[in-house]
Structure formats: C-alpha cells, structure tokens
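Here the structure is laid out as structure tokens; the discussion comes afterwards.
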Amino acid sequence: MTTTLAGPAPVVAPGRGADRRRSRARMRERTAQWLFLVPAIAYVLVFFGYPIVKNLVMGSQDYTVRTFVSGEAPWVGLDNYVEVVTSGLFRTTVLNTALFTIGSIVGQFVIGLLFALFFKRRFPLGNVLRSLLLLPWLLPMIAGTAVWKWILDQDGGVLNEALGTIGIAPVHWLTSPDVALVAVVLVNVWVGIPFNMTLLYSGLQNIPDELYEAGALDGATGAKAFWHITWPNLRPVVSVVLVLGVIYTLKVLDIILGLTGGGPANATQTLATDSYRRSFQEFSFGTGAAVSNILIVVSLLFAVVYLRVNKRAVDE
Amino acid sequence: MNQTTDARKLRYTIVGIVLLAVMLFPVYWMVNVSLQGGGTAANSSFFPTNVTFEGYQRAWEDQTGNLVTSMIVALGAVLVSLVIATPAAYALSRFRLRGMGIFLFVLLLAQMIPGIVIANSLYTLFNDLGLLNTYVGLILANATHGIPFAILIMSAFMRSIPPALTEAARVDGAGHFRAFWSIIVPVSKNSLITAGLFSFLFAWSDFMFGLTLTTGADIKPITLGIYDYLQGNVQSWGPVMASAVISSVPAIVLLVLAQRYIAAGALGGAVK
C-alpha cells in the first residue's frame, strides 16, 4: 500500500525571481490539486490499507481475548497457519469453498446467460420485466436468506410440500450434511442471476446487428449464430462476469450464516465463515486472521486475473 | 405476416412473465407469509386468505429501534461516501498527478477485499478507539462498501464533462474548489445520485459490520435484527417475514422510482 502522498519532486530553483514565483505558483497549484485526493487517500489507507497489514500481522500473533485486557499478543511465527492447515476442518472448508464457488458460478452464469439471450428479443413489457428481475439482487441479502430458510424448511417449507404433491419424500435441505451445501448454492444462485443477466445483457447489446445479418446470409442462424457470432464477441464480458462472480462468492457470509450457520457438522463451512467463527465466536483472532489471509491470497489471485481481463476488454 | 410476429411477441411476453414469477416467488412468499400473522402454524397457505397484520405488529415492536439505527447508519454512510468520493473523483478525472494510476488500481483491488478481513482488523482498532457499538463506527465502516464504487463511477462520468466548462470559470478567477463546487457538482448531479443510492443500499443491506462491530442490543441494524430471529428455531414466521418485507422497502422503492440510476449503477460497478 504505497501511495505517494508527497507532491512531485521540487523544481530546481533557478536564480531569477520570476522563475521562482512561477515555480512557487506551480507548487501551490499541485498542492491544491492534491487536496482533492487527500480525504480519499487517508480513508483508503485507514480502512483498506491498515486492515490488510493488521490482518497479516495478527496472523502471526497469539491474539485472543486476553490480548484485549493485557495488550499482549505474543509473536508465534507460522504457528497459526500450521494449526489451521493441519486441523481436520481445513480440508473440509477448502473443499466446501471450492464447491460453493463453482456451483454458484455455473448456476448463476448459465441461467443469467439464458435470461440475457431471452430478453435480447424485443417484445412488449420486456424491459420492465427485465428490470424487475433485479429485485433479488437489490434486497438485503439477509431478507432473501430469511424467506429461503422458511421455503427450505424440512417440515413446513413450501418446497417440500410441492415436492410432496409429486410423491417425493421431504428433503432435509438445511439439516442434512449431504444436501445443505446444495441448498446454500441454490440460494446464492438465486441472488446472483440478476447481476449476471444484467452484465451479459449489456454485452449482448454491444454486438452489432450487422454481424448477425451478415451471418444469416451465410446460413448462420440459431445455435450456429450463437457459437460463431455471439460467443466469440461476448467472451471479454464473460471473463469479467466470471471473475467478479468468483470474487463475490468467496466473500459470501450472510447467506451461509443465516441458513445453516456453517453446519450441519461443518457441511457448509467455507473459508469466510470459518474465519468469522474463529475470530468472533471463539475469539481466536490469530487463527481467524490466518484463515482470512489465505482467503485474501485466493481473492487477489482472481483480482489480478480480473484486472488483466478487464483491461483487455476495455482495450478491444 | 404481422399477425404471426404479434403472436410470437405475445408468447415471449408470457414466457417472460413466467420467468419473472419463478424468480420472484421468494419475494411473493415473503409478503404472503408476512400477512398470515403471528400464529405457529406448521405451514403457510398459498394465499393470504385471512389477512392479518399481527406479524407486522410484532415486527414493529421488535424492530423499530433497529430500523432507526439502519436509517441513521445508511444516511451517514451516504454523506461520508459522497463527501470523500466526489472531490477524489473530480481529481482523478481532471488532474494529472503522479501516483494517481496507483490509486485507481488500489481502488479496484479494494472492492475485492473480503469484508471479513476488514471486520477482523477494524474490531481490534475500534475496540482501542472506543468505536464499537457506535453510529460513527458503523458509518465509517459501511462507507467501505460505497467509497471505491462511488469514486470509480463518478470519475468515469466526470471524464465526459468538457474541460472548457471549468476552464472558463478558472479564467474568471475561480479557484479549483469554486469550479468544482459550482460547476462540476451540479453538472454531475445524476452520477452523484447513482453513487449515493448505491452507497445507501450497500449500507442498508450490510450484515458483516453489524455482525462484528456491534455487540449489544442498543445499536443494532435491521439486518442483525432479522439474523437474530433466524438463529435457533423459529416459532412463528409471520414477524420474521414482516421484518424482511420492511427491510426490503428501500430496495423496492428505489427500483421503482430510480430505475435509470439503478441500471446505470449495476453496469457501472463492474464494467467501469
């Protein structure tokens, strides 16, 4: 986090007064310009820079409830990481994080793309319907989570009742370790569809109609047109959508905590929820920080991919 | 010929309505259950045949304080975000200072940092500063949702303002701040509204900071009020769903009234 706060290097003072006045005027101008940025830079340093540094440091400290009283957080090197990685839970959380992310992304993207393709056709009410579809994404996530918890309830939930009418026995959506992860993926897909649809829709809008007209002359219609015209032209947007989706999914906390609390038997525990659990439920801030540092590394890897892909998308 | 295209378009509209109905079923269910009162029925009926507002009564009793908290925090976060982000967006769009490229890069990365990382460290910092369980603490933390987004979306807009507009004022002797305040801000009104609306929605929907930076019952956002219901066994879903409906009102109102700003923000956030 090195952001140059100081202005540019001072101009070498020339002997004459007029030059000095001019360079002083330029200094003043530069200072005035920097003043516009100072609040934002200060905020970013305190609320993004500091937390990252602090988190890295805490990851190597024995930082617990006692620390708040005594102020002492002994340095433990890599002990926290060793404890986290060798715990039986780690394999579960990594696997769950991967499955949760992949499942969510595939679901959101495929359905979002189908919706985007559908709404690209012009028809009455199309735009209104499309904008109303944004609702699941705009609602507070915990409100959506609350209603899903009731829909998925094993005894009185409407989903099991509906399945019951076609003869399917009640599924223990949120209380069986075998299906709980599927349930949280389902809800996260529901939340993510609008976002995917919106970005992909705007990507589709940017493909010139002439391409399709020319393609139609060559006999490229329907699925052929999709694979030869739509997909190649949509690729840059697709990459952006996928990478952003991964970054957002890695952070998800409210859906999982609200639906299952990471259970049953850690079946839905991810890196993000495990970091929360360690820090704020067991007050082991050191190991919590270690887990979230692992999460940062994973997110940053995807962030770098995103920035490169986005740059390419803009350049094209 | 025309009739067949009309028929096809009508079919699309019907399919579209069905898709919307499926996607918004949970929202319907939320409203439906919220109107079925505070009883402990084993399940909810498909339509609210006996509409009762008991659920809302209970929700109101439980959540009024939390709603006020959420409102204060969200409005505060909007204020802080705009005050910090607007001048920065102007500088990024107009000036050429060394290090600005790095700052832009940092902003993009900042949006991707998992909230739990920030919460982890802010908890210890706020504990030292006495900012846990305060409005100020929540407002400052919640501005992290809005500030990078607001800077990026507003500077993208301000780049499209012709430089001649401010140069004329500068020639007349106005300083940078005058030019910014009396020309750039009014001209950029729409992008300020978009940035403000999203800062509000981000802070209003916040769960992470409410969960980690408040510990008591005095200052608790509505999202945490709902989360409290969800922990343990829910005896009666009426009040829970009523609270969820109430917490969703700002999003619904904004979607209906501020459609074009929402659309602008949804796109601007990701593809710059």
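The values are calculated or read from the model by the stated rules, or taken from the named source; none is laboratory data. Just so it is clear, the model here is predicted, and its values are computed rather than measured. When we count neighbours, we look across all protein chains shown, and the Cβ atoms used for this are built from the backbone with ideal geometry, even at glycine. With ligands, DNA and RNA removed, areas are computed over all heavy atoms of the protein, side chains included. Shrake-Rupley method; radii C 1.70, N 1.55, O 1.52, S 1.80 Å.
Counting only residues that are closer than 12 Å to A:A267 by Cβ and either away from every other protein chain (no Cβ under 13 Å) or part of a helix (DSSP H, G or I) (or both), segment A:159-184 holds 11 of them.
Filtered by the rule that a residue be touching a residue at least 12 places away in the same chain (Cβ under 8 Å), within 11 Å of chain B (Cβ to nearest Cβ) and open to solvent by 70 Å² or more (accessible area, probe 1.4 Å), segment A:21-64 gives A:R30, A:T31, A:V53, A:L56. Here B:D206 meets each of (1) away from chain A (no Cβ under 14 Å); (2) under 14 Å from the mean Cα position of the chain (by Cα) with one exception, condition (1). For B:R58, the criteria (1) closer than 28 Å to B:A217 by Cα; (2) over 20 Å from the mean Cα position of the chain (by Cα); (3) open to solvent by less than 40 Å² (accessible area, probe 1.4 Å) hold in every case but one, which is (3). Among residues of segment B:229-250 that are within 16 Å of B:E54 (Cβ to Cβ), those with a beta-carbon under 6 Å from a residue that is open to solvent by 10 Å² or more (accessible area, probe 1.4 Å) and basic (K, R) at least six positions away or on a different chain give the pairs B:P239/B:R58. State whether one or more residues within segment A:169-178 are small (G, A, S) and closer than 23 Å to A:T260 by Cβ. For segment A:169-178, residues small (G, A, S) and closer than 23 Å to A:T260 by Cβ: present. Among helices (runs of 4 or more DSSP H) entirely within segment A:189-255, having at least 1 residues that are surrounded by 14 or more Cβ atoms within 10 Å (Cβ to Cβ), on the phi < 0 side of the Ramachandran plot and of a type in the set (K, R) singles out A:231-251. Within segment A:108-122, restricting attention to residues that are within 13 Å of chain B (Cβ to nearest Cβ) and surrounded by fewer than 19 Cβ atoms within 10 Å (Cβ to Cβ), the residue that is nearest to A:G263 (Cα to Cα) is A:I111. Scanning segment B:15-42 for residues that are surrounded by 14 or more Cβ atoms within 10 Å (Cβ to Cβ), within 7 Å of another protein chain (Cβ to nearest Cβ), modelled with pLDDT under 95 and not in a helix (DSSP H, G or I) yields a count of 0.
hydroxyl-bearing (S, T, Y), in the same structural domain as A:R308 (by TED's automatic domain parsing) and open to solvent by less than 10 Å² (accessible area, probe 1.4 Å), is that true of A:T165? So A:T165 fails the test.
From the list A:S104, A:S176, which one is over 27 Å from B:L257 (Cα atoms) and under 21 Å from the mean Cα position of the chain (by Cα)? On inspection, the qualifying residue turns out to be A:S104. Of the residues making up segment A:123-150, those that are of a type in the set (G, A, S) and surrounded by 24 or more Cβ atoms within 10 Å (Cβ to Cβ) are A:A143, A:G144, A:A146.
Selection of segment A:65-99 for residues being in contact (Cβ under 8 Å) with a residue 12 or more places away in the chain and basic (K, R) yields an empty set.
If you go through segment A:263-283 and keep only what is within 21 Å of B:I113 (Cα to Cα) and more than 7 Å from every other protein chain (Cβ to nearest Cβ), you end up with A:Q269, A:T270, A:L271, A:T273, A:D274, A:R277, A:R278.
All of B:D228, B:D218 fail the test of being among the acidic types (D, E) and closer than 28 Å to A:Y248 by Cβ, apart from B:D228. Of the helices (runs of 4 or more DSSP H) contained entirely in segment B:91-194, those carrying at least 2 residues that are facing chain A (nearest Cβ under 7 Å) and within 29 Å of A:N310 (Cβ to Cβ) fall at B:100-110, B:115-129, B:135-158.
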